[in-house]
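The values are calculated or read from the model by the stated rules, or taken from the named source; none is laboratory data. Small disclaimer: the values here were computed from a predicted structure and weren't measured. Here the Cβ positions follow ideal geometry from the backbone for every residue, glycine too, while neighbour counts run over all protein chains shown.
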Amino acid sequence: MSESTRRRKYRYDRVVIEAARILDPQFNDAVIFVTGAQIELLRNVTEYLRRLETYSVVYHLGYYLVPTVEEYDALMAIVANLEEKLMGNLNTIWGYSGTYRDSDRWENTPAGYQVLSTAVVAPNKVVRLEGVAYKNEDTAITKVEIAHWRFGDDWQPTILFTVDNPAAGRWHTYLLDLTMTEGDYIRFQCHDVVQDDDIYWNAFGREMDIPE
């Protein structure tokens, strides 16, 4: 494509995007919450993003140059991926359906190593876990491990926090930013629990429904 065929005049009703900012983005990948109305807007914007005139690679006085064929193909691949996320794959974007809460208490515990667990995340659900809290009511123990598990024998758990000698009689809260999918759960692994102690825990965050 020659330079003369790539020239476009500026127009007040046309927004021009620098192609380099798309091909070499300045932002990191992110997970964000998008409302239903915003998804509809983005779906329509993708039609505009397919126009060659939308992109500029060189600015001049009175005109600009649109991308080359190769640059345009690369841009269209990015646009096609966005379209697939917005339209073709309903599992990619979903909204919060409500808050997530799970809590329990174990009174008069046996002595020794004890484990308390949240419920397993159900099918077609995703939990954005924002934090967990733990309290040993009566006596201090040697260690608490808060671990991310997945239901099944072939998955290795991830220890999120290890707390040595947590003080008794008060809540210990730990903030998280963890996505849990089907089969995931949190375990509170308590070492050297004292006989007849009372243990409390809770987990909190946001819940999402994944369309089938």
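Being in contact (Cβ under 8 Å) with a residue 12 or more places away in the chain and touching a strand residue (DSSP E or B) at 6+ places or on another chain (Cβ under 7 Å) is a description that applies to THR142. Among residues belonging to the range 101-119 that are loosely packed, with under 15 Cβ neighbours inside 10 Å and under 23 Å from the mean Cα position of the chain (by Cα), point out the one that is nearest to MET208 (Cα to Cα). For the range 101-119, the residue satisfying everything is ARG101. With respect to the conditions (1) in contact with a helix residue (DSSP H, G or I) (Cβ under 8 Å, 6 or more places away or on another chain); (2) among the polar types (S, T, N, Q); (3) modelled with pLDDT of 85 or more, THR109 falls short on a single one, namely (1). Taken over the range 7-48, the residue count meeting the criterion of being loosely packed, with under 10 Cβ neighbours inside 10 Å and over 15 Å from VAL79 (Cα atoms) is 15. Would the range 75-97 turn up any residue that is assigned to a strand (DSSP E or B), closer than 30 Å to ASP184 by Cα and touching a residue at least 60 places away in the same chain (Cβ under 8 Å)? Yes - at least one qualifying residue is present in the range 75-97. Suppose we keep only residues that are out of contact with any His (no Cβ under 7 Å at 6 or more places or on another chain) and among the charged types (D, E, K, R) within the range 136-174. Which one would you say is farthest from GLY112 (Cα to Cα)? Checked the range 136-174; the qualifying residue farthest from GLY112 (Cα to Cα) is ASP154.
Put simply, of GLU137, GLU84, GLU145 the only residue that is more than 30 Å from LEU41 (Cβ to Cβ) and at pLDDT below 90 is GLU137. The residues of the range 98-126 that are part of a strand (DSSP E or B) and of a type in the set (Asp, Glu), listed by number, are ASP102, ASP104. Of everything in the range 36-52, what is touching a helix residue (DSSP H, G or I) at 6+ places or on another chain (Cβ under 7 Å) and of a type outside the set (Val, Ile, Thr)? Give them in sequence order. Once the filter is applied, which keeps residues that are touching a helix residue (DSSP H, G or I) at 6+ places or on another chain (Cβ under 7 Å) and of a type outside the set (Val, Ile, Thr), the range 36-52 yields LEU42, ARG43, TYR48, LEU49, ARG50, LEU52.
In this structure, ASN124 qualifies as surrounded by fewer than 17 Cβ atoms within 10 Å (Cβ to Cβ), touching a residue at least 12 places away in the same chain (Cβ under 8 Å) and polar (S, T, N, Q). If GLY98 satisfies every condition in (1) surrounded by 11 or more Cβ atoms within 10 Å (Cβ to Cβ); (2) closer than 23 Å to THR181 by Cα but one, which is the exception? It fails just one condition, (1). Looking only at the range 189-212, residues that are surrounded by fewer than 16 Cβ atoms within 10 Å (Cβ to Cβ) and either free of Cβ contacts under 8 Å to residues at least 60 places away in the same chain or assigned to a strand (DSSP E or B) (or both) come to 3 in all.
Pairs linking a residue in the range 5-27 that is free of Cβ contacts under 8 Å to residues at least 60 places away in the same chain to a residue that is surrounded by 13 or more Cβ atoms within 10 Å (Cβ to Cβ) and of a type in the set (Gly, Ala, Ser), with Cβ atoms under 9 Å and 6 or more positions apart or on different chains, are ARG8/SER56; VAL16/SER56; ILE17/SER56; GLU18/SER56; ALA19/SER56; ALA19/ALA74; ILE22/ALA74; LEU23/ALA74. Taken over the range 127-146, the criterion of being part of a strand (DSSP E or B) and surrounded by fewer than 18 Cβ atoms within 10 Å (Cβ to Cβ) is satisfied by ARG128, GLU130, GLY131, ALA133, LYS143, GLU145.
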